[in-house]
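Heads up: the structure comes next, in structure tokens.
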């Protein structure tokens, strides 16, 4: 596993920045220091930083903590959140900060960082500092939950991005570039490594490679926090699925190891837990299991070893609640997919990167504060399986016998088998057993193949049926929407269509209409708002029936289904695919 | 005045925290109170109220084997 440790000096907590540096230096761990603008106003800190680079240390710029009297006086601006300024203001800020950095150190920064550096920001910064090849660009799954959790006053919306380093696209820094031509020309790393279960279910700023965040989430007791080390191990374990690659980074502001309003214990506890994380890195390094790098070293390594088109996966387990839950994450240049084992192996989050949705943030952007890459499915924000009113965005398999239909989402599966072949990744979900009220029992085996081009092939095998001659209907079920947050967007204009024995289409108007065809080959939803088409196609010949359903305002979704009636040993095979519409 | 200047202990509302919401408690004499919900309590009561939040984490004290 490769680890990047980043520290940033801020004047009011300077001694604690020095403490972090000292811990790392004593353990021989490499760090990259990211100067903040207020720190560039303090001669004592500049002196330290000059000494640091004189000793061969790596020095970049952190563009989030900007505010200080000098900043406000020189710019007339007061906001720390650089990603939310208008383009001209961003340029003014970057020119000011980079200019002063050059005056002090006689060179360009080695790296750049912010909570979010959007495409416009990175474009300006690449123009100002063309040699810089790495930046901290976004916070994985930071958005709705953190907005709620921080008094509805934290305007950082980064959901839908990769969890691990990527090559950002020119027109959307949170989207992995499709190819070299589409790439912005920089290596992006996330701001912290997040818990791939709890950052999806809850706050990413509680559950991350940030001991202070974990204290904020109460994931420690007394002076003990095994969670911090468990999370490191979980990332380390991903080497097995990614050709030996795993990545972890830590970027903790020094304000988290002194008195902090979100930590309910003395600073000494925060310091101990933070230090222990570094000690664990040193221990793993001594075992040959971890390599510490500076950011520029990592950028070079990443370019040499991880081509743009290489897919990446994460098999995540709950390491705190003890639920045994598992989520599987897949990411490539065309899509990001999450499969939730505890819901029968259903898709809980789906993003079509191949639709190449452009976005930047700031007061001059149509997106304003929303940097999120839009979803087609987000089961946490948009209902998922029904437990109150109607169900929402999700996938599942419906199994019908007589008048009774069972939902595979009710099957709690706690494992997954992952394999990689020359075509891509294959995820085998454990067999799910369903029992109908008349005593008939069936076993369904689900396999996913994640393929280039934004395609997910889904195989549902009716592996066992308790009555030899019984036939049941399997219905692949995809309930989609689109959006950025937890609130529904306007669905008008979405076109639903079915193809097979007949061709039909309708334009979404919240009227609960259904179109269907027998001998179905494809059902689809075209979502012009995000220039994305979601298709469900039948593989291995037409399905018995294909259907597209419009929703209504109390259930603003569209539903695509494909069904076949099968006997034991037979399969329903479909392909869920995403496409750019323009 | 910053909120935390009124509450040097950095105590957060346990009711809001159970909903993953950080709300730093205000203090009035011996009594801490939440400005977002109806919670009130002493420091000792507040720390006691954190126990169920930690209680839901069954692996809080466990080193988990991954992979």
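The values are calculated or read from the model by the stated rules, or taken from the named source; none is laboratory data. Everything quoted here is computed from the prediction, not taken from an experiment. As a convention, Cβ positions derive from the backbone with ideal geometry for all residues, glycine included, and neighbour counts pool all protein chains shown.
Brief remarks follow.
- Test: residue A:203 is crowded, with 24+ Cβ neighbours inside 10 Å and either in the same structural domain as residue A:452 (by TED's automatic domain parsing) or within 23 Å of residue A:242 (Cα to Cα) (or both): no
- Exactly one residue among A:282, A:199, A:299 is more than 11 Å from chain B (Cβ to nearest Cβ) and in contact with a helix residue (DSSP H, G or I) (Cβ under 8 Å, 6 or more places away or on another chain), and that residue is A:282.
- Which listed residue, of A:452, A:431, is at pLDDT 95 or above, within 24 Å of residue A:325 (Cβ to Cβ) and outside the structural domain of residue A:241 (by TED's automatic domain parsing): A:431
- Residue A:302 fulfils the conditions (1) in the same structural domain as residue A:16 (by TED's automatic domain parsing); (2) surrounded by 21 or more Cβ atoms within 10 Å (Cβ to Cβ); (3) more than 23 Å from residue A:160 (Cα to Cα) except for a single criterion, (3).
- For region B:20-35, the criterion of a residue being closer than 30 Å to residue A:237 by Cβ and modelled with pLDDT of 95 or more is satisfied by at least one position.
- Qualifying residues in region A:362-373 (those that are in a loop (DSSP other than H, G, I, E, B) and in contact with a strand residue (DSSP E or B) (Cβ under 7 Å, 6 or more places away or on another chain)) - the one surrounded by the fewest Cβ atoms within 10 Å (Cβ to Cβ): A:369
- Positions within region B:16-67 being in a helix (DSSP H, G or I), surrounded by fewer than 19 Cβ atoms within 10 Å (Cβ to Cβ) and touching a helix residue (DSSP H, G or I) at 6+ places or on another chain (Cβ under 8 Å), in sequence order: B:18, B:49, B:50, B:52, B:53
- Top-ranked residue in region A:230-259 [being within 21 Å of residue A:34 (Cα to Cα) and within 14 Å of chain B (Cβ to nearest Cβ); ranked as surrounded by the most Cβ atoms within 10 Å (Cβ to Cβ)]: A:257
- Under the condition of being within 11 Å of another protein chain (Cβ to nearest Cβ) and more than 30 Å from the chain's Cα centre (by Cα), the residues counted in region A:260-279 number 3.
- Residue within region A:97-113 that is part of a strand (DSSP E or B), over 16 Å from residue A:372 (Cα atoms) and away from chain B (no Cβ under 14 Å) present: yes
Listed here are the residues, each with its yes/no results for (1) assigned to a strand (DSSP E or B); (2) buried (at least 18 other Cβ atoms within 10 Å of the Cβ).
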position	(1), (2)
A:468	no, no
A:479	yes, yes
A:486	no, no
A:490	no, no
A:493	no, no
A:498	yes, yes
A:502	no, no
A:505	yes, no
A:509	no, no
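- Selection within region A:374-389 - out of contact with any helix residue (DSSP H, G or I) (no Cβ under 7 Å at 6 or more places or on another chain) and either surrounded by fewer than 24 Cβ atoms within 10 Å (Cβ to Cβ) or assigned to a loop (DSSP other than H, G, I, E, B) (or both): A:376, A:379, A:382, A:383, A:384, A:386, A:387, A:388, A:389
- Number of the exception - residue A:151 against (1) modelled with pLDDT of 95 or more; (2) more than 15 Å from the chain's Cα centre (by Cα): (1)
- Of all the listed residues (A:136, A:132), the sole one being more than 14 Å from chain B (Cβ to nearest Cβ), touching a strand residue (DSSP E or B) at 6+ places or on another chain (Cβ under 8 Å), in a strand (DSSP E or B) and within 22 Å of residue A:32 (Cβ to Cβ) is A:136.
- Just one of the listed residues (A:278, A:321) is surrounded by fewer than 22 Cβ atoms within 10 Å (Cβ to Cβ) and not assigned by TED's automatic domain parsing to the domain that holds residue A:191, namely A:321.
- Residues in region A:202-229 that are facing chain B (nearest Cβ under 10 Å), in contact (Cβ under 8 Å) with a residue 60 or more places away in the chain and over 21 Å from residue B:13 (Cα atoms): A:227 alone.
- When region B:37-65 is filtered for residues that are over 30 Å from residue A:315 (Cα atoms) and facing chain A (nearest Cβ under 8 Å), the ones remaining, listed by number, are B:47, B:50.
- Residue match in region A:315-324 (condition: more than 20 Å from residue A:179 (Cβ to Cβ), in contact with a strand residue (DSSP E or B) (Cβ under 8 Å, 6 or more places away or on another chain) and away from chain B (no Cβ under 14 Å)): no
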